[in-house]
Amino acid sequence: MLLIDCPYCGPRNENEFTYGGQAHVPYPEDPYDLTDEAWGQYLFYRDNQQGEYAERWAHAAGCRRWFNAIRDTRTYKFLAVYPMGAGRPELAGGTR
């Protein structure tokens, strides 16, 4: 079982968390101005890369707060966690 370091509560088991998809995907400025194809792109298309990947997580069975995390998709290891609204941290070979 993974331990996820909630930035508000500390390390907890993964079954307390809910995955929220890719982080840092901006909401369209005027969604009513989008074509159906562009709206579909916003809703359903995300990066699918190997390695460091910024994700949104919610501590659903704890503080119920959302936060961002950088996780290595090859190893499942969480490299950093940070509050919503904060910029993606630089990972200089260190982990949190």
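The values are calculated or read from the model by the stated rules, or taken from the named source; none is laboratory data. As the structure is a computational prediction, the values presented were derived from the model and not from experiment. Using ideal geometry, Cβ is built from the backbone for each residue, glycine included, and neighbour counts are taken over all protein chains shown. Each accessible area value is taken on the protein alone, full model and side chains, heavy atoms only, with ligands, DNA and RNA left out. Shrake-Rupley method; radii C 1.70, N 1.55, O 1.52, S 1.80 Å.
Report the chymotrypsin sites (Phe, Trp or Tyr not before Pro) located in segment 1-78 that are in a DSSP loop and have at most 15 other Cβ atoms inside 10 Å of their Cβ, or state none.
On the way: sites: TYR8, PHE17, TYR19, TYR32, TRP39, TYR42, PHE44, TYR45, TYR53, TRP57, TRP66, PHE67, TYR76, PHE78; in loops: TYR8, PHE17, TYR45, TYR76.
Those that pass, being in a loop and sparsely packed, are TYR8, TYR45, TYR76.
If you count the DSSP beta bridges with both ends in segment 1-71, what percent of them are antiparallel, to the nearest 5?
Counting DSSP beta bridges with both partners in segment 1-71, the antiparallel share is about 100 percent.
For segment 3-83, what is the relative contact order in percent, using Cα pairs closer than 8 Å and at least 6 residues apart in sequence?
It comes to 31 percent, rounded to a whole number.
I'd like the carbon and sulfur percentage of the solvent accessible area for the chain, probe radius 1.4 Å, heavy atoms only, ligands and nucleic acids excluded.
About 47 percent, which is the carbon plus sulfur part of the accessible surface.
Once phi is turned into ³J(HN,Hα) by the Karplus curve 6.51 cos²θ - 1.76 cosθ + 1.60 with θ = phi - 60°, what whole-Hz value does each residue of segment 70-84 show in order, with x for glycine and proline?
Result, rounded to whole Hz: 10, 10, 7, 6, 7, 10, 6, 6, 7, 9, 6, 10, 7, x, 4.
For the chain, what is the charge dipole size about the Cα centre, in debye to the nearest 20, if Lys and Arg each add +1 at the Cβ and Asp and Glu each add -1 at the Cβ? Show your work: numbers first, answer last.
On the way: 10 positive and 13 negative charges, 125 e Å.
Around 600 debye, computed over the chain.
At what distance in nm do the modelled label points of LEU91 and CYS63 sit from each other, each positioned 7 Å from its Cα along Cα→Cβ?
Taking the simple label geometry, LEU91 and CYS63 are separated by 2.1 nm.
Running a GNM on the chain with Cα contacts under 10 Å, which residue among GLU14, GLU52, GLU37 ends up with the highest mean-square fluctuation?
Result: GLU37 has the largest fluctuation of those listed.
Counting only heavy atoms of protein chains, what accessible area per residue, in Å², does the chain have with a probe of 1.4 Å?
Numbers: 6640 Å² over 96 residues.
Per residue, the chain has 69 Å² of solvent-accessible surface.
Please name which of HIS24, THR73, CYS63 has its Cα lying farthest along the dipole of segment 3-83 towards the positive end, using unit charges on Cβ (Lys, Arg +1; Asp, Glu -1) and the Cα centre as origin.
My answer, from the dipole projection, is CYS63.
Would you pull out the residues with amide H under 5 Å of GLU52's amide H, same chain only if 5 or more places away, H placed 1.01 Å from N?
It is THR73, by chain and number.
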